[in-house]
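A short worksheet on the structure shown next.
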Amino acid sequence: MTTMELVGVERDAEGFLKDPQQWNEEVAAEIAREAGIEELTPRHWQVVRLMREAYLATGESPSIRTLGKASGVPIKELYELFPKGPAKLAAKIGGIPKPRGCI
Amino acid sequence: MTTIDYDLEPRAVPATGEKPKTIEKVSIIISKGSLEGVYPGLIMANGARMEGIEANVFCTFFGLEAITKKRQDRIKVATVGNPGMHMPTLLGALPGMSWVATKMMARKMEKLDFPPVSEFVEMIADSGAGIYACKASVDMFGLTQEDFVPQVSGVITVGEFYEQAAGGEIVFT
């Protein structure tokens with residue numbers, strides 16, 4: 001079922017946005033809900049925005065190590081905020097492609 | 001920068017057309033104490049957690065180097081008996097050769113965002129993975145819990161390892 005916020009938003013089989021430009025905060029909140037995060041707290045946003053900004057600036061989604069260092073959110077907390085894989089989930093919520101780094 | 005268009009579709013699709021089951025849990029054994037022996041296991045454990053897969057790391061024999069306080073950041077590349085190094089055995093055996101090769105590799109790895117072993121082990125523990133030392137090896141080398149970094153959750157027997165690994169895949173490196 002597609003909710004209102006996601007109408008017209010193109011996504012791949014795993015749910016990542018095909019076009020980062022189709023992203024907005026409502027889309028983010030809806031993808032987060034799909035992943036079981038009922039509400040995006042300021043701490044979630046800090047991570048999601050950093051991921052998105054890094055991708056838009058460099059063309060690559062940051063790895064978990066870079067994410068931990070650059071966001072100022074410790075790795076432990078990243079996994080509490082995004083239990084099913086922080087970098088992957090934050091990228092999905094941030095409307096950018098899945099990170100392909102191995103570290 | 002050139003981008004390569006990867007085809008990530010699974011190759012082996014069962015005849016029924018059902019989607020293959022996903023991996024939910026892995027237990028990774030690290031048994032070697034060289035740089036090329038330690039990193040693959042750490043990368044696999046960290047990679048599993050990044051995908052939301054439950055992970056445990058079990059260090060045995062020389063793999064204990066990866067979690068031993070005094071040793072973990074002094075782990076070196078094997079320059080002898082390692083054909084992948086493309087270095088003649090006698091040359092590889094020269095004093096300092098392993099040190100030089102390790103320095104070169106460490107520089108390359110840092111560029112690719114590989115953390116040093118100590119930081120990597122910490123990252124993996126922080127991601128919620130369990131890190132264990134093998135009791136038989138610990139006894140053999142005369143080590144105690146004190147010799148290990150604080151991220152080590154315990155010294156366990158092979159039987160306890162199998163209990164921990166229940167319901168998941170076991171990867172031996």
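Points to keep in mind about this one:
- Qualifying residue in the stretch A:36-52 (condition: under 12 Å from the mean Cα position of the chain (by Cα), in a helix (DSSP H, G or I) and among the charged types (D, E, K, R)): yes
- Matching residues, the stretch B:33-48, being in a helix (DSSP H, G or I) and either within 7 Å of chain A (Cβ to nearest Cβ) or under 17 Å from B:Met85 (Cα atoms) (or both): B:Leu35, B:Glu36, B:Gly37, B:Val38, B:Tyr39, B:Pro40, B:Ile43, B:Asn46, B:Gly47
- If only residues of the stretch B:110-132 that are in contact (Cβ under 8 Å) with a residue 60 or more places away in the chain and not β-branched (Val, Ile, Thr) are counted, the one that is surrounded by the fewest Cβ atoms within 10 Å (Cβ to Cβ) is B:Gly128.
- Residue within the stretch B:82-91 that is within 14 Å of chain A (Cβ to nearest Cβ) and either among the aromatic types (Phe, Trp, Tyr) or surrounded by fewer than 13 Cβ atoms within 10 Å (Cβ to Cβ) (or both) present: no
- Those residues of the stretch B:138-153 which are buried (at least 18 other Cβ atoms within 10 Å of the Cβ) and in a helix (DSSP H, G or I), in sequence order: B:Val138
- Subset of the stretch A:67-103 (residues that are within 8 Å of chain B (Cβ to nearest Cβ) and over 24 Å from A:Asn24 (Cα atoms)): A:Pro74, A:Ile75, A:Lys76, A:Gly101, A:Cys102, A:Ile103
- Scanning the stretch A:49-61 for residues that are in contact with a Lys or Arg (Cβ under 9 Å, 6 or more places away or on another chain) and buried (at least 19 other Cβ atoms within 10 Å of the Cβ) yields one hit, A:Ser61.
- Residue in the stretch B:110-126 that is outside any helix (DSSP H, G or I), away from chain A (no Cβ under 14 Å), hydrophobic (A, V, I, L, M, F, W, C) and over 18 Å from B:Ile75 (Cα atoms) present: no
- Which listed residue, of B:Tyr162, B:Tyr132, is in a helix (DSSP H, G or I), of a type in the set (Ser, Thr, Tyr) and within 30 Å of B:Thr22 (Cβ to Cβ): B:Tyr162
- Candidates A:Lys69, A:Lys88, filtered to the one that is at pLDDT below 90 and out of contact with any helix residue (DSSP H, G or I) (no Cβ under 6 Å at 6 or more places or on another chain): A:Lys69
The values are calculated or read from the model by the stated rules, or taken from the named source; none is laboratory data. On a predicted model such as this, the values are computed, not experimentally measured, just so you know. When we count neighbours, we look across all protein chains shown, and the Cβ atoms used for this are built from the backbone with ideal geometry, even at glycine.
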